[in-house]
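The values are calculated or read from the model by the stated rules, or taken from the named source; none is laboratory data. Just so it is clear, the model here is predicted, and its values are computed rather than measured. Positions of Cβ are backbone-derived with ideal geometry, glycine not excepted, and every protein chain shown enters the neighbour counts. Protein only, heavy atoms only, side chains kept; ligands, DNA and RNA dropped before computing areas. Shrake-Rupley method; radii C 1.70, N 1.55, O 1.52, S 1.80 Å.
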Amino acid sequence: GTLIGGYAEHLRPLLFRLAPGSLVREGLGWADAMPFSELYGRIEKKVTEREGDADDNRQSRGTKKTTTKYVRPGIMPPLFGRHLMDKAVFLSLAEVSDNLPPLEEECIPVPMAARQRDAYDAIEGKLKDALKEMIVKGDKRLLGKMLNALLCYPDYPFDWSPIGYYEKGEGGGEGAFRTVAIPDNLDPETTYPKEYALVEFCKKEKSLGRQVWAFVQYTDTRPVLDRLAKMLKAEGLKVGVLRASVSLAKREEWIAKNGPKCDVVLSHPKLVETGLDLFDKNGGHNFCTLCFYETGYALFTLRQASRRAWRIGQQKACKVAYFYYADSMQSRAMELMGAKMAAAKTAATGPDQLTDEPLCVPEQGL
């Protein structure tokens with residue numbers, strides 16, 4: 001299984017449930033998530049200093065410091081020696097299966113169109129400025145909205161309402177809405193660069209006799225999936241869409257029925273995260289090319305979905321492609337996922353590969 005998603009914290013609950021003795025002997029309790037990460041993970045500390053004013057202290061104008069801790073991708077080697085070596089067997093897929101086909105993975109950065117870039121930069125600038133002011137006050141209400149907006153807007157720059165947050169009202173209730181940014185709604189009839197890149201990618205794979213399964217994150221809040229399906233069909237590709245309305249128990253049946261007649265299938269990655277092979281051992285269908293039109297931040301989901309074709313019994317060479325807009329929140333998400341993947345993959349190789357350095361790759365901040 002996928003044991004580690006790039007953070008030491010992913011092992012702590014599992015160890016407490018299965019073999020808590022070594023953790024208890026170190027004085028760690030079930031609720032000690034941050035102490036565990038400080039020992040065996042990677043912690044970034046940010047110290048903010050600001051000059052005091054009359055409201056802070058009427059007798060002094062000294063400097064005030066606040067320290068904030070962030071858990072980052074990374075796993076320290078002592079975790080293996082102290083807690084895993086006597087409880088784990090380290091194996092790779094290649095060690096339990098002969099003759100796995102080649103696997104190729106590539107990241108495909110796509111530049112934005114000029115109008116798209118200007119609109120994106122305007123939103124990002126306003127959201128960043130507002131967020132910085134709020135973070136100083138310990139207010140993170142805008143953070144989630146900012147991340148979602150900057151990840152999604154380049155893929156669907158239409159039908160956006162003002163982005164902002166509600167002020168705190170009297171008695172802890174919800175006050176007036178404060179607008180931070182008003183996105184520019186672009187022309188929905190235009191094909192944007194990443195859309196064009198995906199269409200061309202799928203057409204090329206079809207010419208090589210390869211079926212494509214494309215993963216899309218925004219399937220409900222924004223109809224990105226439906227827009228892509230329409231574009232792919234317009235280019236003469238046979239397209240299927242696996243939706244969440246198909247129950248888990250019936251998804252294998254759905255794939256067996258619809259897979260053979262599709263050039264491309266679109267779905268959210270969580271729908272095939274576990275328990276499904278995207279190829280038929282009898283040759284009915286074989287989605288040996290997987291691509292992530294959007295990745296999100298869930299490494300467990302990405303790792304599981306990206307290996308639905310490269311499995312025991314696969315005869316064709318496999319390919320996984322990751323699309324993202326360059327110089328955007330999507331590219332930062334890719335860097336973060338890469339850092340978590342590096343930590344998780346290195347951890348999975350076992351203690352013989354350990355060094356004295358944290359197993360991490362630094363990612364770009366906001």
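Scanning the range 133-151 for residues that are in contact (Cβ under 8 Å) with a residue 60 or more places away in the chain, in contact with an Asp or Glu (Cβ under 9 Å, 6 or more places away or on another chain) and open to solvent by 50 Å² or more (accessible area, probe 1.4 Å) turns up nothing. Within the range 61-84, residues that are in a loop (DSSP other than H, G, I, E, B) reach partners that are modelled with pLDDT of 80 or more and hydrophobic (A, V, I, L, M, F, W, C) with beta carbons closer than 8 Å, at six or more positions or on different chains, in the pairs 73/336; 75/8; 76/8; 76/39. Restricting attention to the range 212-235 and to residues that are in contact with a Cys (Cβ under 7 Å, 6 or more places away or on another chain) and open to solvent by 30 Å² or more (accessible area, probe 1.4 Å), the residue that is farthest from residue 317 (Cα to Cα) turns out to be 222. Counting only helices (runs of 4 or more DSSP H) that sit completely within the range 108-212, those holding 2 or more residues that are more than 30 Å from residue 65 (Cβ to Cβ) and of a type in the set (Ser, Thr, Tyr) correspond to 193-207.
Can you tell me which residue within the range 108-117, out of those that are open to solvent by 50 Å² or more (accessible area, probe 1.4 Å) and touching a residue at least 12 places away in the same chain (Cβ under 8 Å), is farthest from residue 191 (Cα to Cα)? Per the criteria, the residue is 109. For the range 189-211, filtered to residues that are touching a helix residue (DSSP H, G or I) at 6+ places or on another chain (Cβ under 8 Å) and without any contact (Cβ under 8 Å) to a residue 60 or more places away in the chain, the residue that is surrounded by the fewest Cβ atoms within 10 Å (Cβ to Cβ) is 191. Within the range 91-103, is there a residue that is part of a strand (DSSP E or B) and touching a residue at least 24 places away in the same chain (Cβ under 8 Å)? Yes: one or more hits. For residue 52, indicate whether it is open to solvent by less than 60 Å² (accessible area, probe 1.4 Å) and either modelled with pLDDT of 75 or more or in contact with a Leu (Cβ under 7 Å, 6 or more places away or on another chain) (or both). No; evaluated as a whole, the condition is false for this residue. Checking the range 264-284 against the condition returns no match, with no residue being modelled with pLDDT of 85 or more, within 27 Å of residue 207 (Cα to Cα) and in contact with a His (Cβ under 6 Å, 6 or more places away or on another chain).
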